[in-house]
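For reference, the structure is listed below as structure tokens.
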RNA sequence: GGGGGUGUAGCUCAGAGGUAGAGCAACGGCCUUUUAAGCCGUAGGUCCUGGGUUCGAUUCCCAGCACCCUCACCA
């Protein structure tokens, strides 16, 4: 059955509805109860199997399953909150029975009826009124497996979302996490701001920008790679604690950890330093954990265990064990145990991550020694190591090579949440130098699951040094990715910027960690993909 | 950009050098307590695209395209 044919059949049903004087696309449908509200309302009634209560309900949602048997039909209706079984009988529906016959999987309907239980005990809304709210013209994916083709899932995220409820959960968590971070900062006296996405000069990070053009002004503009230089201007302006939840755009590769547009929370705090920023990371992540991962993990353990015992009964211990293994039940149990003991333990790809404050503080040089076996100051050894691990280092600045070796050898070992500090100053043009060792920057990066999660500085507020840093070319970094001179930013610093700590945390990656999502595309609703040629039909 | 994998019905997937298979969905029939409902029947395909080998290719070979994984750039 071709797609066109399936669609044509549904169009015929739609037309049949219209023929009957029914609006196939519905209208306002007030006083809808969610499926969970119905469950909650039913609970105290203690309805026995086979009984109906006096309680009436009105629910709307999409038909996920439909079982028609002669003059009786059951439908599973899915709404945002969950799902509920509906019962329809020809006797009770009367003339509307013929409407039900025109309903397909995927249609959005509303129904009124009394809440009861079937003989098998399933909570059921026995409908006496059926309202078509939107006829679906395309067949939904397979009802058991849902949509699994990853390409299609991202291209047609709307289908992914309505067929795979777990996907919706991830984005609810994302929303809660962002809100927790926002609340946390507001509570600390921060002011949320918006700074330009379209920037005449890009800066604040080492990345290639997207370029665009403004017609009226006839100037090139860049989509921001970072809001940093604008947020610091606000410190000059006397705003002492500012943050922005910032969509940044970097014209770089795409991977499971990189999307060309991604979300960061970036914050600046006057009279603080990078030590304070470590505490801010711990605070924000704790808040995010408590609002999302905590209950999700406990529920997940229960859900896996329920399924395991079901499999044990139906398919035997082997299938159950395989499922438990595949779902990382052991790790989830350990995480739940940690939570019970007051720790912030989450599971990411089978690994238990402990986000409990304080996170370990690790010296960059120590880690380099531990995993690369070289001293950060021993330039010859570092370059030999670079060759060992296949990094092209000729013509590159020492500090750049050091950092590339660090990324290649150390990063993946930083599985448990940790702060790494003591970065080479030469690769940190916006960071204040260590007062006793100018080769070291007052910078840390936060790591977890082998990913960089955040980046923070004691901010450089000396305009003279900043100007020098802007002008210095560090060999080994592409000309495009170099810090670009921003005269106005220097001018701002010349007016005086208070000493400050600044921090950026990758929201997408944090959501990955707290929702056990293996790819950044799983936590971005519409990740960038090559567009498909337009459809002809 | 390098390496590996995938591409077959609307969806989830088998399969083989000789006119293409299942389950779900669809259509028709039976069915008033189903639970991924069941039973009987029907229909549905450019086997990603292009070239090559072959009597014959959707299958083998080459190239391309898309996606996934991985490495590199980067957060």
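The values are calculated or read from the model by the stated rules, or taken from the named source; none is laboratory data. On a predicted model such as this, the values are computed, not experimentally measured, just so you know. Please note: Cβ atoms are built from the backbone with ideal geometry, for glycine as well, and neighbour counts cover all protein chains shown.
Of A:106, A:116, A:146, which residue is in a strand (DSSP E or B), surrounded by 15 or more Cβ atoms within 10 Å (Cβ to Cβ) and within 15 Å of RNA strand B (Cβ to nearest atom)? Break it down stepwise before answering.
On the way: A:106 fails: in a strand (DSSP E or B); A:146 fails: in a strand (DSSP E or B).
Sole residue among the options that is in a strand (DSSP E or B), surrounded by 15 or more Cβ atoms within 10 Å (Cβ to Cβ) and within 15 Å of RNA strand B (Cβ to nearest atom): A:116.
Is it the case, given these coordinates, that residue A:130 is more than 10 Å from RNA strand B (Cβ to nearest atom), touching a helix residue (DSSP H, G or I) at 6+ places or on another chain (Cβ under 7 Å) and assigned to a loop (DSSP other than H, G, I, E, B)? Walk me through how you get there before you give the answer.
Values: more than 10 Å from RNA strand B (Cβ to nearest atom): yes; touching a helix residue (DSSP H, G or I) at 6+ places or on another chain (Cβ under 7 Å): yes; assigned to a loop (DSSP other than H, G, I, E, B): no.
So residue A:130 does not fit the description; no.
Return the only residue of A:67, A:56 being assigned to a strand (DSSP E or B), farther than 30 Å from residue A:160 by Cα and within 39 Å of the chain's Cα centre (by Cα). Please lay out each step first, then the result.
Details: A:67 fails: farther than 30 Å from residue A:160 by Cα.
Matching residue, one of A:67, A:56: A:56.
Say we look at the stretch A:1-10 and pick out the residues that are exposed (fewer than 11 other Cβ atoms within 10 Å of the Cβ) and either within 37 Å of the chain's Cα centre (by Cα) or modelled with pLDDT of 95 or more (or both); which of these is farthest from RNA strand B (Cβ to nearest atom)? First the steps, then the outcome.
Applying the first criterion (exposed (fewer than 11 other Cβ atoms within 10 Å of the Cβ)) to the stretch A:1-10 yields A:1-5.
Still in the list and also either within 37 Å of the chain's Cα centre (by Cα) or modelled with pLDDT of 95 or more (or both): A:2-4.
On the way: A:2: 4, A:3: 4, A:4: 8 Å.
Here the residue is A:4.
Sort out which residues of the stretch A:508-523 are within 9 Å of RNA strand B (Cβ to nearest atom) and either more than 19 Å from residue A:160 (Cα to Cα) or touching a helix residue (DSSP H, G or I) at 6+ places or on another chain (Cβ under 7 Å) (or both), and write them in order of number.
First, the residues of the stretch A:508-523 that are within 9 Å of RNA strand B (Cβ to nearest atom): A:508-509, A:518-522.
Scanning the stretch A:508-523 gives A:508, A:509, A:520, A:521, A:522.
Name the residues in the stretch A:26-36 that are exposed (fewer than 15 other Cβ atoms within 10 Å of the Cβ) and either more than 13 Å from residue A:110 (Cα to Cα) or within 14 Å of RNA strand B (Cβ to nearest atom) (or both), would you?
Residue satisfying the conditions is A:36 alone.
Only one of A:162, A:249, A:171, A:243 is over 16 Å from the mean Cα position of the chain (by Cα), under 27 Å from residue A:296 (Cα atoms) and surrounded by 13 or more Cβ atoms within 10 Å (Cβ to Cβ). Can you tell me which? Can you show your working first?
Values: A:249 fails: under 27 Å from residue A:296 (Cα atoms); A:171 fails: over 16 Å from the mean Cα position of the chain (by Cα); A:243 fails: under 27 Å from residue A:296 (Cα atoms).
Checking each option against the conditions leaves just A:162.
Of the conditions (1) without any contact (Cβ under 8 Å) to a residue 12 or more places away in the chain; (2) under 23 Å from residue A:103 (Cα atoms), residue A:44 clears all except one; give me its number.
The number of the failed condition is (2).
Mind checking which residues of the stretch A:424-450 are touching a residue at least 40 places away in the same chain (Cβ under 8 Å), under 21 Å from residue A:227 (Cβ atoms), within 16 Å of RNA strand B (Cβ to nearest atom) and part of a strand (DSSP E or B)?
A:443, A:444, A:446
Among the residues in the stretch A:290-305, are any more than 23 Å from residue A:451 (Cβ to Cβ), in contact with a strand residue (DSSP E or B) (Cβ under 9 Å, 6 or more places away or on another chain) and away from RNA strand B (no atom under 16 Å from the Cβ)?
The answer is no; no qualifying residue exists.
Name every residue in the stretch A:368-394 that is assigned to a loop (DSSP other than H, G, I, E, B) and more than 34 Å from the chain's Cα centre (by Cα), in order of residue number. Spell out the reasoning first.
Of the residues in the stretch A:368-394, the ones assigned to a loop (DSSP other than H, G, I, E, B) are A:373-378, A:389-394.
Passing the criteria: A:373, A:374, A:375, A:376, A:377, A:378, A:392, A:393, A:394.
Quick one: how many residues across the stretch A:79-90 are within 12 Å of RNA strand B (Cβ to nearest atom) and either part of a strand (DSSP E or B) or under 33 Å from the mean Cα position of the chain (by Cα) (or both)? Break it down into steps so the answer makes sense when it comes.
Just the residues of the stretch A:79-90 that are within 12 Å of RNA strand B (Cβ to nearest atom), to begin with: A:83-90.
Subsequent filtering for residues that are either part of a strand (DSSP E or B) or under 33 Å from the mean Cα position of the chain (by Cα) (or both) retains A:83-89.
Qualifying residue count, the stretch A:79-90: 7.
So residue A:365 passes all but one of these: (1) over 24 Å from the mean Cα position of the chain (by Cα); (2) surrounded by fewer than 18 Cβ atoms within 10 Å (Cβ to Cβ). Which condition number does it fail?
That leaves (2) as the condition not met.
Of all residues in the stretch A:409-423 being within 13 Å of RNA strand B (Cβ to nearest atom) and surrounded by 19 or more Cβ atoms within 10 Å (Cβ to Cβ), which is nearest to residue A:382 (Cα to Cα)? Full working, then the answer.
Here is the first cut: in the stretch A:409-423, the residues within 13 Å of RNA strand B (Cβ to nearest atom) are A:409-414, A:420, A:423.
Filter once more, keeping what is surrounded by 19 or more Cβ atoms within 10 Å (Cβ to Cβ): A:409-410, A:414, A:420, A:423.
Numbers: A:409: 11, A:410: 13, A:414: 20, A:420: 19, A:423: 15 Å.
Filtering the stretch A:409-423 for residues that are within 13 Å of RNA strand B (Cβ to nearest atom) and surrounded by 19 or more Cβ atoms within 10 Å (Cβ to Cβ), the one nearest to residue A:382 (Cα to Cα) comes out as A:409.
Being more than 8 Å from RNA strand B (Cβ to nearest atom) and crowded, with 20+ Cβ neighbours inside 10 Å is true for just one of A:123, A:93, A:137. Which residue is that? Working first, answer last.
Details: A:123 fails: crowded, with 20+ Cβ neighbours inside 10 Å; A:137 fails: crowded, with 20+ Cβ neighbours inside 10 Å.
Of the residues listed, the single one that is more than 8 Å from RNA strand B (Cβ to nearest atom) and crowded, with 20+ Cβ neighbours inside 10 Å is A:93.
Condition (residue is within 8 Å of RNA strand B (Cβ to nearest atom), in contact (Cβ under 8 Å) with a residue 24 or more places away in the chain and part of a helix (DSSP H, G or I)) applied to the stretch A:11-25: is it met by at least one residue? Give the derivation first.
Quick first cut of the stretch A:11-25, residues within 8 Å of RNA strand B (Cβ to nearest atom) only: A:13.
Checking which are in contact (Cβ under 8 Å) with a residue 24 or more places away in the chain leaves us with A:13.
Applying the additional criterion that residues be part of a helix (DSSP H, G or I) yields A:13.
Scanning the stretch A:11-25 turns up at least one residue that is within 8 Å of RNA strand B (Cβ to nearest atom), in contact (Cβ under 8 Å) with a residue 24 or more places away in the chain and part of a helix (DSSP H, G or I).
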